[in-house]
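Just below is one structure, and these are the notes that go with it.
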Amino acid sequence: MSWRSWSAAELGAAIALGGSLLAVAVPAFFRNLSASKLSEPIEGLDRLASSALAYAEVHPQEISFPPPAPLTPAQVPRGTRALDPPEAWEHLTWKSLDFSFEEPHAFAFQFESALDPTTGVMRFVARAHGDLDGDGAFSTFEVQGERHPGQPARMLPGMFVDREVE
């Protein structure tokens, strides 16, 4: 069997076909990557932390973060994305942080804040819990921030992740 070289027309058609496939496949890949259940807790916690830091900038007093907010929704979605009832995100803290979900999501979020009375340091912890495979074991993502007296609020480095793909 002998191989022949491709003509210019054949080579052009192959490149056009390959380019067309890439033009369809690459955007679809990035849409799916963005819609990934693992992007939800990372993007959600980033939104929460950014809002908490912005809140602290306009509330420079000792209590510079909003009060704690319960796990919302109260039941972590199990193995699926869930749509919350409209009142789910009505807690004062969620309103103060302008945080909610209008579309179905796979994680439940929680915000904790506390003042250390001995040091005067105000801290917050934002968490996302998910049950991606519906087995009752949670994936947990967590970020933290703090504000020392007389200083701007800041994020602490890193993100705690437990059972990322549980």
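Every number in this text was worked out from the coordinates using simple rules, so none of it is lab data. Owing to the predicted nature of the structure, the values given are computational and were not obtained by experimental measurement. Here the Cβ is made from the backbone with ideal geometry for all residues, glycine too, and neighbour counts use every protein chain on show.
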Normalised by the residues of segment 8-162, what does the relative contact order come to in percent, with Cα pairs under 8 Å and at least six apart?
22 percent
Proxy reagent accessibility, fewest Cβ within 10 Å first, across V165, V76
V165, V76
By how many degrees, between 0 and 90 and to the nearest 10, does the Cα long axis of helix 39-58 differ from the longest principal axis of the chain?
40 degrees
Specify which labelled value, from (i) 23; (ii) 44; (iii) 47, agrees with percent of Cα pairs over 26 Å apart derived from the coordinates of the model shown.
(ii)
Give me the angle, in degrees from 0 to 90, between the Cα long axis of helix 8-34 and the longest principal axis of the Cα atoms of the chain, rounded to the nearest 10.
20 degrees
Quick check on the chain: of the DSSP beta bridges with both residues there, what percent are antiparallel, nearest 5%?
95 percent
For segment 110-122, in residue order, the Karplus 3J(HN,Hα) values (coefficients 6.51, -1.76, 1.60; θ = phi - 60°; whole Hz; Gly and Pro = x) are 9, 10, 10, 9, 7, 9, 7, x, 7, 10, x, 7, 9
Fewest first, what order do S7, S139, S96 take by the number of other Cβ atoms within 10 Å?
S7, S96, S139
